[in-house]
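What follows draws every value from the coordinates through simple rules; no lab data is involved. No experiment lies behind these values; they were computed from the predicted model shown. Heads up, the Cβs are rebuilt from the backbone with ideal geometry, glycines too, and the neighbour counts pull from every protein chain shown.
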Amino acid sequence: MRAAWAKRRATAGVDAEWLAHPVCCCGCSARLDVAKNPENQRFFKPGHDSALKSLLRKIIRGEAKREDIPQAARANVARIKFIQADPGFQEAFAKPGQPQRRQPAKGETA
Ligand SMILES: [Zn+2]
């Protein structure tokens, strides 16, 4: 019993919460159907994966911040296949805050 709880705790948090109430990982927060088998759980509304892809590409190019990645996508980064298949996308998630060369945009208070 105790061991089972410890095991469950390791994967608890956003993860478990998300699996109980899955939302689209592109950040639109649309509710997804809960799959009977968690292995078949969908992560996006049809076609919405491209929205996350383009966000990740922006991050890779330095046009967006890692902080812009939706919480749902971060929680599921290890399970989203196209991210696991692309080291560049994984890097976007791993990218540190990039303190170097961050110039305040025009009109932004530094
Ligand atoms: Zn979406």
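Some points to look at:
- Charge dipole of region 9-64 (Cα centre as origin; +1 on each Lys and Arg Cβ, -1 on each Asp and Glu Cβ, all else neutral): 180 debye, rounded to the nearest 20.
- The peptide list 46-59, 29-42, put in order of mean Cβ contacts within 10 Å with the highest first, becomes 46-59, 29-42.
- Kirkwood Rh in Å, taken over all unlike Cα pairs in region 9-93: 13.1
- Placed amide H near Val23: partners under 5 Å, 5+ positions off or other chain: Leu32
- The count of lysine pairs in region 9-93 that are at least 8 places apart or cross chains, and whose C-alpha atoms lie under 18 Å apart, stands at 5.
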